[in-house]
Every structure is written in C-alpha cells, then in structure tokens.
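Quick note: the coordinates plus some simple rules give every number you see, no bench work behind them. Nothing here was measured: the structure is a model prediction, and the numbers come from that model. So basically every Cβ, Gly included, is an ideal-geometry build from the backbone, and we count neighbours across all protein chains shown.
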Amino acid sequence: MDSVLIGVVRGVMLLGLRWFVYLQGPRKRLPPGPRPLPIIGNIHQLGKNQTETLRQLAKTYGPLMSIRIGSVYTVVVSTPEMAMELLQRHGQVFSGRTVPHAMDVGGFNKFSIFFGPAGKEWRDKRKMCKEILFSERDVVNLHNVVFMANLNLLLTTIFSITSPDTAMELMKIMEDFFTLFAPNITDYFPILKVLDPQGMKRKAELSLGKLLAKFRDFLNHRLDPRRNNPNKKKQDLLEAIIDITQANDYNITTQDIPYLLLELIVGGIDSNSNMVEWIMTELLFNPDKLERLKREIKSAVGENGKIQEADIASLPYLQAVIKETFRYHPPGPLAVTRMSEADQEVNGYMIPKGTQIVVNTWSMAKDPSIWTDPESFEPERFLDNKLDFKGQHFQLIPFGAGRRICPGIPLATRILQMTTAVLVHNFDWKLEKDKDHPDHKEAIFDVGNPALRTPPPSSTPLLSDYVVLICKFRDVHVSTDRASIGLIVDGVRVSHPDLLVGSRMA
C-alpha cells in the first residue's frame, strides 16, 4: 500500500514539474506583455476592472499584447486596425472557440453555433439563421408583445407563447443556468478538470438537461398537430425552423432544434435585457437626449399613435441612441473572443495554435483617437456618419466581426428598437431620487478558457431602484407580473391606475 501511495505521489510531482517547466518555457516571438508569475500567470495584475487594466497595459505593451491567465496564454487586441487584422484578414485561423469546461456536456458544444467548430454543419446553421430566421421579414408583429419585455418577447417571437407562467418557469430554470457563468478554476487550470472542484460540470448537466427538455416539449407540442394537419401553422420562428428542417435545405435535423432554441433564448434574454437597461439609464441621466427622442417619436407617430416597425426607419435619433449605447456600454466589453486554429504570424509576432484572442472593445470605445469626447454619452455623433455595428466598421463591433460574428443581429436590433421606442413613447420617465450614475467601467473576469465575458444581469443598473414610470395612455396594457415586465423593470401597481412605481421584489 505504501509503495502504491509513493508511486502516486511521485507521478503527481513529475506531472507538476513538467507543467511548471512548460509554463516557464520561452515565449518565443509572442506579442509583448507583462511577465507572468509561476502558476497563476498574470491573474494578480487584472484586479476587478479588467477592461481598464488591459487598456492601461496596452499603452505600455501595444495594441497586440500577450498575457497568461493560469496556464492559458491569451492575446489581447486593443485597436480597430489590429482587430481587423486578426478577425478579417486572418479570420479562418482565428475562427476557433475554446469550450468552457462546464459547457462540455450533453453534446452542447457539438450542436452549438457559439461554441461549435467552424465546419460544414456550423456553416449550415449560421446560414440558416442569417438568411431565414434573422432576416428582416415580418415573422411576427413585435408591437403586440413588446411589453412582455425580452423573455416574453422572445417566447412570443419564437414559440407564439404569451403565458407569464411559462415565462416564469423558464426564468427560474435559466437563473440556475446563469450561475454556470461564474469563474471556474478548471478553465484557468485545465489540469484540474478531472476533479471538477467547484462542481460546475455537474451543475451544467442538470441545468442544461432541464432547459433542453423544456425546448423538446415545445417542439413536440408543435410537431404533433402538424402531423394531423400540415396546413395548420403559426407564424413564428419555430415554424420557420421546422419548415427548414423538413425541407432539408441546410442539413439541419430536429435533433439540432432544441440546442438552437437554447442559444436563441439564453443569448437573447441576457444581452437584450442588459442593453435596454443601459439605454434607459443613459436617457434618464441625460434628460435632454430623452426629450429629443420623445419629440422625434411623437413627430413620426403622433401624440397617441402606436409605433409600428415601419416607423423605425424614420427615427434616426433612436438608431443613434442605440449605436451610442453599444459604444458606451459594449455588451461584454471583452466578449469578442476567438482561438487560433493554427500558428499564425501577426504584426511580426507568432501567435501559437490554441491561443485565446480577446478584443478589448471597451478600450476602443474610450480611445480619443477614434472618438471625440469618448467619455460622454453623445448619440449625435452617429447622426452624420455611416458607421454601423454589423461587423464592417471595427471601431464598433458589439456583435463581433468576421466568421464568428453574431448571426442574430437583425433580430436583436428589432427588439431593441421597438422596446426602446415604445417605452419612451408610452411612458414618462423620471428619477425618483438622487442617485449616482451606475459604474459602467466594471467588467467581470468570468468563464471561458479563459473567456472574458459579459457581466451577469445583476451588474447592469437596476432601474427599479429609482425610477417612476407614468403610463400616458389608458389603452396601453402594463402587467404587474414580474415575468411579464421582464428584466427592464420590476414593478408593482399602486392605487393610481396609471402609475407604475419601481420597487425591488423579493
């Protein structure tokens, strides 16, 4: 027994020594960066505000900088020119993704558009999303469900579901799922994966299993009536997905559908709800901008008019507000991540295969050489230029760029435009009490390998802490159910029939 124990200890020590020697090996031709410490790398230098820390380090080491987080090398990109170099000119090499340990369960990484390898199946799924699911065609009238903000809006758009009970049930499951996007030591120190010390992979198996089971139920409930009556269809995205799989135009099967739905719902509810909160926060703290937007909408639809999607094209200031919010509060300021699929020389430096690439969109958003007065919220800057956020202008890439650009841009844009327009037009907004502007600089070093991701929803401003909404029109339905209101405002109706007062709910 003692000899076995001694052998195990020696084996562990030998593996540890080899790992240590590997980490301390020469960083031949890697981009410059701060010297890492043994074992932990540069983790100690990042602190709480990683975006600003990396921005300051880039001033010393340049727009292409290397750091080590645990045992994983990461190259940080800090300028539009360098982002274009990697994501566009060398897009094929830097099209990989590193799958977080917790997400490597249930075949999710195989079926996922976000994490899946950039092969033929991945291209088919993206093409389907881009050309059909997220096209500009009018699959569903978003106005009728815009107050079922974000989660309910997505449920209606995809499944034709408007039940608050269904939304609440999904919200509870997703709350468990979002806990998986917490720092996981195995993503920084892969040698510990076999131990799963935080139990993240076990939690992921349970949480993903519940979500996928729910989406399979949605799918089966839709497929059964179609078998009996093929002509009885609902006008939503799920029907479009089913039609595509049955036509087999994109080599997509019904087995893929629950995974696609998972990414649509989880990705949409998180990013859209965060962005709507930031949009309304900036408008509240810049009342002149809010008033200008209200005047523009009133001029387009009238005092008592209802906003339709066709009106959006005649609202340039609304579009400028959304662009400026994407610049000022990039969703996941370090979330444009890639992994090199092969060794690649860039700007005179060698980036080895398996290196993670992180684009610091926060740094680019605050660069005075790119933007005039970058620390100010100024939608007017977008009124006289043609910059957009669809991946062609690398000064503004909230959805990424290149081969891995988010395929859901059209759908996300529609939801943000309609939600913002209806909230501004149908309600009068004011601050209930004096409150400092929320900290928009903080980012959270979160999951990945080591993916630096968007902060969880709680890091965005909680408008319900300090906002009063006055509903201007009696025919506007405002539910007091938390799931119906979604993540924009948690509210309770008080005695006055047209007053909705922000209030934290247990």
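Give me the one-decimal nm value for the distance between modelled label points at Asn251 and Lys386, 7 Å along each residue's Cα-to-Cβ direction.
3.6 nm
Longer than 31 Å from Cα to Cα, which of Lys298/Lys390; Lys193/Lys390; Lys120/Lys353 are they? Say none if no pair is.
The answer is Lys193/Lys390.
Let me know the shape class of the range 356-423, please: from the alpha-carbon gyration tensor, a ≥ b ≥ c as square roots of the eigenvalues, rounded when a/c is under 1.5, otherwise prolate if a/b is greater than b/c, or oblate.
oblate
Sticking with the crude label model, points 7 Å out along Cα→Cβ, report the distance from Lys127 to Asp428 in nm, one decimal please.
My value for the distance between the label points is 5.5 nm.
If you keep only loop residues by DSSP, which trypsin sites (Lys or Arg not before Pro) in the range 323-422 have at most 16 other Cβ atoms within 10 Å of their Cβ?
Lys353, Lys386, Lys390
What is the spin-label model distance, in nm, from Phe178 to Glu291 if the labels are put 7 Å beyond Cα along the C-beta direction?
3.5 nm
5 Å is the cut-off here: which amide hydrogens, built 1.01 Å from N in the peptide plane, fall below it relative to Tyr349, excluding neighbours closer than 5 in sequence?
HN-HN under 5 Å from Tyr349: empty list.
Just to confirm a number: summing +1 for Lys and Arg and -1 for Asp and Glu over residues other than Thr361 whose beta-carbon lies under 12 angstrom from that of Thr361, what do you get?
It works out to a net charge of +2.
Please report the spacing between the Cα centers of the range 189-224 and the range 36-80 in Å, no decimals.
So the two Cα centres are separated by 32 Å.
If packing is taken as the average number of other Cβ atoms within 10 Å across a peptide's residues, how do 405-413, 302-310, 195-203 rank, most packed first?
In decreasing order of mean packing, 405-413, 302-310, 195-203 become 405-413, 195-203, 302-310.
Give me, ordered by chain and number, the residues 5 or more places off Ile357 or on other chains with an amide H under 5 Å from its own placed amide H.
Placed amide hydrogens put Val75, Arg338, Met339, Ser340 under 5 Å from Ile357.
Determine, for Met171, Met82, the number of other Cβ atoms within 10 Å of each Cβ, and report the residues in order from fewest to most.
Placing the least packed residue first, the sequence is Met171, Met82.
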